[in-house]
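The values are calculated or read from the model by the stated rules, or taken from the named source; none is laboratory data. None of the values given here were measured: they were computed from a predicted structure. Counting neighbours? That spans all protein chains shown, and the Cβs are built from the backbone with ideal geometry, glycine included.
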Amino acid sequence: MRLRLGVAYDGTRFAGWAAQPGQRTVEGELEEALVRVLRLDGPVAVTCAGRTDAGVHARGQVCHVDVPTTAFAATSGRSSRSPELALTTRLLGTLPPDIRVRRVVVAPDGFDARFSALWRRYAYRICDDPAAEDPLRRFEILEHHRRPLDVSAMNAAAGRMLGEHDFAAFCRRREGATTIRRLLELSWERESSGLLVCRVVADAFCHSMVRALVGALLRVGEGARPDDWPARVLSGKVRDSGVNVVPARGLTLEEVGYPPADALAARADEARRKRTLAS
């Protein structure tokens, strides 16, 4: 049977999501905990909505895993708790404190954590005012930005990049993978504390895309580039040396959106098709 897991983690001490030999990863810790709690003889494979890089955090990561029905049912033992609650509790007792499984539910038919997703929402947090730095949040915020940032200019630049484009200029290319994405939202807001938050929503992201977009917009906010420059880089479809990929620690996967249960399978089929831009 397939289970849906809601997961949060502090990415500071992880070498990213994806399991790697000899490295501590979120996927590796989750899979090991599931095998132990469910008392399985062999490994399990956990699929996530978005593979985060080393140092990137998550509050709203969504995963699925296929497990034997009997093993899942046995997690309740003699208690009156549901298997979902029992498994959640046992995972929390097994996992290290920088990973939390917030919820376990039986997934509806057709659910795929990766391919059924309609959109992913990330936030990038940055502090450009030394007096506003919060030491309690230092692992999730890019601090010590030396130049004050112009929010209006960054939002003007961001608005030019919305829609479906080939984001090759802002991605690390992977053999056989498309870099066409639909950017649904890209906006900046300064909170009352002085903290700057970039909200980024897209149907999917390619490798380093969010951090490269943020890096380009920071150049505009500093006054080093005009507000049409990021859009010109985008249209060129080639990496520009002026675009700095910002550090991972300021980035958090906040939420993943899915269609209604009766549309999950169709969405997964659509997402698996390789995309091309309309001519």
(message) Which count do you get for residues in segment 144-180 that are touching a strand residue (DSSP E or B) at 6+ places or on another chain (Cβ under 7 Å), part of a loop (DSSP other than H, G, I, E, B) and in contact (Cβ under 8 Å) with a residue 60 or more places away in the chain?
(response) 4
(request) Taking the options Ala15, Ala33, Ala49, Ala58, name whichever one is assigned by TED's automatic domain parsing to the domain that holds Ile99, farther than 19 Å from Val105 by Cβ and either in contact with a Lys or Arg (Cβ under 7 Å, 6 or more places away or on another chain) or touching a residue at least 24 places away in the same chain (Cβ under 8 Å) (or both). (result) Ala15
(message) I'm told Ile99 meets every condition in (1) more than 30 Å from Cys198 (Cβ to Cβ); (2) touching an Asp or Glu at 6+ places or on another chain (Cβ under 9 Å); (3) crowded, with 18+ Cβ neighbours inside 10 Å except one. Can you identify the failing condition by its number?
(response) (1)
(request) Evaluate segment 70-92: report whether one residue or more is at pLDDT 95 or above, assigned to a strand (DSSP E or B) and closer than 30 Å to Ala268 by Cβ. (result) no
(request) Output the residue which, of all residues in segment 18-36 that are surrounded by 19 or more Cβ atoms within 10 Å (Cβ to Cβ) and over 21 Å from the mean Cα position of the chain (by Cα), is farthest from Cys63 (Cα to Cα). (result) Ala33
(request) May I ask you to list the residues in segment 103-142 that are closer than 24 Å to Ala204 by Cβ, over 16 Å from the mean Cα position of the chain (by Cα) and of a type in the set (Lys, Arg)? (result) Arg103
(message) So, Arg51, is that one charged (D, E, K, R) and assigned to a strand (DSSP E or B) or not?
(response) no
(message) Let me confirm something: among Glu222, Glu255, Glu270, which residue is touching a Gly at 6+ places or on another chain (Cβ under 6 Å) and acidic (Asp, Glu)?
(response) Glu255
